[in-house]
Protein chains: 2
Amino acid sequence: MGDMKKLIPFFLAAACALSASAKLVTKTIEYKQGDTTLEGYLAYDDSISGKRPGVLIVHQWMGLTDYEENRAAMLANLGYVAFCADIYGKGIRPADTKAAGVEATKYKSDRALLRLRVNAGLDELKKNELVDKSRVAAIGYCFGGTAVIELARSGAELNGLVSFHGGLDSPMPADGKHIKCKVLVCHGADDPFEKPEDLAAFEKEMRDANVDWRLIKYGGAVHSFTQPMANDNPPGAKYNKRADERSWQDMKNFFSEIFN
Amino acid sequence: MGDMKKLIPFFLAAACALSASAKLVTKTIEYKQGDTTLEGYLAYDDSISGKRPGVLIVHQWMGLTDYEENRAAMLANLGYVAFCADIYGKGIRPADTKAAGVEATKYKSDRALLRLRVNAGLDELKKNELVDKSRVAAIGYCFGGTAVIELARSGAELNGLVSFHGGLDSPMPADGKHIKCKVLVCHGADDPFEKPEDLAAFEKEMRDANVDWRLIKYGGAVHSFTQPMANDNPPGAKYNKRADERSWQDMKNFFSEIFN
């Protein structure tokens, strides 16, 4: 293992050094979709000069929270410009899961509106002068996973998308043919919220549309496996450190491929 | 991307430098299972000193061929001691797919014998003085994928296994409880030889036994997707460069995790 073992710590050490020297800049950004005001969150490393890939992050059903802001900081530390989209609108941050369900359902049952909202976030990211517009990806969690898949189904120009425990169902499976980007689905193998028939329909949609896709099932993981605040309430939505770390690593590998 | 982009070429360049300076040693090795003589194939990099992880490779249905020998060389270049097991026996190298089917069926219908044969290969690998016995994995292709899962089901001491387009069915699903290692299944999403009910049963076996497992479905890939000699004859078994490269990368990431 000699030389090989030397390489890996170097790589990690360099990544850590990068983090230590990073100058993380974050800011809240207001933008519009139609007449609706949205409030997103930007993060990038100011110690890096020049254009770099951009990553859009779409929030889970509770709306844009510090969870997504932390992910944005993690992505900024990796050298990306990260922008958290706001789907619900400025100030609309559900206080409990009941209110979250109402908001999420509004968009899940109106995919056209969902597409407009997530596209508005993508446009805002691409407007940033630090973003290399030819290298852009979107990631989303739960509700946001659905949102980034709908973004691709709308025909958006992207290099790739990653869904973390996102809903994969589609009322318009024929729209799979508009997907231009690579697709990575990170899925909890024991997720009780994702029905086997929805998984099968998603695979068929990808297959029929000849999409470049892959899906990873993480054993032992349920819904919300990347989210430390998920505490099995509702049951079947619970944090899983192992699957969180592995799916983050899988996302990084995916980015290495699509931003090559 | 500045610093980040600099890292990746360095890493690749170093890996290439390692290959250029490597002193690949390969040899054919005779060993026994019961009274049966088997003939395996060893590869390692002699420019590396000291013990290192060992990787067992189990062949597809045609028996041990130059395909597996090439994989062994690739693994040796990554810094591992690689050993190709011989399941069929010295000199038994099917000349055509019909003969291969006869040989493979012999072992797929006698899992006890298959376990003895693949365990004999593992023992031979572990005997090698260059191998760090606490860091050992097994990988297998098609028939060999089944073989390495059976190895784990037999209770063998391993850090992990990787099945590439392997048959996942089991006549004794309760044996999942003997699996002590991490499991990575690399599966062609369009593989017509792997029935949905066998996939579902495999997932249930892993779940019931609380195995640390994950499964990756590669969109657009069928059976034998890692094997350049697979030319859709029989139909549904065909090389897929994209899925080959991705699954090799996924295996490397898995090794980084299990040999950490």
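Annotations for the structure displayed:
- Residue in segment A:102-112 that is out of contact with any helix residue (DSSP H, G or I) (no Cβ under 7 Å at 6 or more places or on another chain), at pLDDT 95 or above and of a type in the set (A, V, I, L, M) present: yes
- Scope segment A:109-144; condition closer than 22 Å to A:Y44 by Cα and touching a His at 6+ places or on another chain (Cβ under 6 Å); matching residues: A:G144
- Applying the set (1) surrounded by fewer than 14 Cβ atoms within 10 Å (Cβ to Cβ); (2) more than 21 Å from B:A156 (Cα to Cα) to B:K32 leaves exactly one unmet item: (2).
- Being more than 13 Å from every other protein chain (Cβ to nearest Cβ) and either in contact with a Lys or Arg (Cβ under 8 Å, 6 or more places away or on another chain) or crowded, with 22+ Cβ neighbours inside 10 Å (or both) is a condition met by at least one residue of segment B:176-183.
- The combined condition, being within 14 Å of another protein chain (Cβ to nearest Cβ), open to solvent by 40 Å² or more (accessible area, probe 1.4 Å) and out of contact with any Pro (no Cβ under 7 Å at 6 or more places or on another chain), is not fulfilled by B:S109.
- Residue among B:A209, B:A200, B:A189 that is surrounded by 19 or more Cβ atoms within 10 Å (Cβ to Cβ) and either within 11 Å of chain A (Cβ to nearest Cβ) or farther than 27 Å from A:D244 by Cβ (or both): B:A189
- Count of segment B:62-106 residues which are within 14 Å of another protein chain (Cβ to nearest Cβ) and either outside any helix (DSSP H, G or I) or among the acidic types (D, E) (or both): 5
- Within segment B:50-72, the only residue that satisfies the criterion of being open to solvent by less than 20 Å² (accessible area, probe 1.4 Å), more than 15 Å from B:I29 (Cα to Cα) and hydrophobic (A, V, I, L, M, F, W, C) is B:V55.
- Cross-chain or 6+ apart pairs with Cβ under 9 Å, segment B:122-150 first and open to solvent by less than 10 Å² (accessible area, probe 1.4 Å), then at pLDDT below 95 and part of a loop (DSSP other than H, G, I, E, B): none
The values are calculated or read from the model by the stated rules, or taken from the named source; none is laboratory data. The structure presented is a predicted model; accordingly, all values stated were derived computationally and were not measured. Virtual Cβ from ideal backbone geometry, glycine too; neighbours counted across all protein chains shown. Note: accessible area is taken over every heavy atom of the protein model, side chains too, but ligands, DNA and RNA are not part of it. Shrake-Rupley method; radii C 1.70, N 1.55, O 1.52, S 1.80 Å.
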